[in-house]
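No lab work stands behind these numbers, since they all come straight from the coordinates. Everything numeric here is computed off the predicted structure, so don't read it as measured data. When we count neighbours, we look across all protein chains shown, and the Cβ atoms used for this are built from the backbone with ideal geometry, even at glycine.
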């Protein structure tokens, strides 16, 4: 009988890859859009499908009420954040893979391995901080956000909102300063609807 032993890093990489694939599949299959359609009160999926077929057959313009327009706008905004996270996940996964190859390569010099280990440690800390800050921003009442920590101590925060008040922006800035220790002038905060 064989036993399989997986270390924590490998487990996290596999888990992140599976999550990334699931999010990619959800985006590819347009599940957020389909879920929004099924949440229309009083209608089943079949009625919604039949309604859309009638609209197409008659060739009349589809008029959305404000709730549907807001839902469509939120789906587009949510799609941006989903795609951003997927791209970030893919990029980080490639970096982790490359760093592990360098570390595991017996022909790599000890200095090169040391530099790769330090980069891997930085990357794992960066990912943890980005996730933590995104959760803290969500706790402030924002629907979604992404945080990008760069190596040169600059941080970009994108928040799902039509606009940000000066008070909201300052609150986010203070969270980022508290969570990272980065100076105020190195933080960029953007609103994305």
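Numerical summary
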{"quantity": "Flag for residue 134 being under 18 Å from residue 184 (Cα atoms), out of contact with any helix residue (DSSP H, G or I) (no Cβ under 8 Å at 6 or more places or on another chain) and surrounded by fewer than 16 Cβ atoms within 10 Å (Cβ to Cβ)", "calculated": "no"}
{"quantity": "Single condition residue 181 does not satisfy, out of (1) in contact (Cβ under 8 Å) with a residue 60 or more places away in the chain; (2) at positive phi", "calculated": "(1)"}
{"quantity": "Number of the condition not met by residue 99 [criteria: (1) over 25 Å from residue 191 (Cβ atoms); (2) surrounded by fewer than 16 Cβ atoms within 10 Å (Cβ to Cβ)]", "calculated": "(2)"}
{"quantity": "Residue among 118, 169, 125, 101 that is part of a helix (DSSP H, G or I), free of Cβ contacts under 8 Å to residues at least 24 places away in the same chain and in contact with a strand residue (DSSP E or B) (Cβ under 6 Å, 6 or more places away or on another chain)", "calculated": "169"}
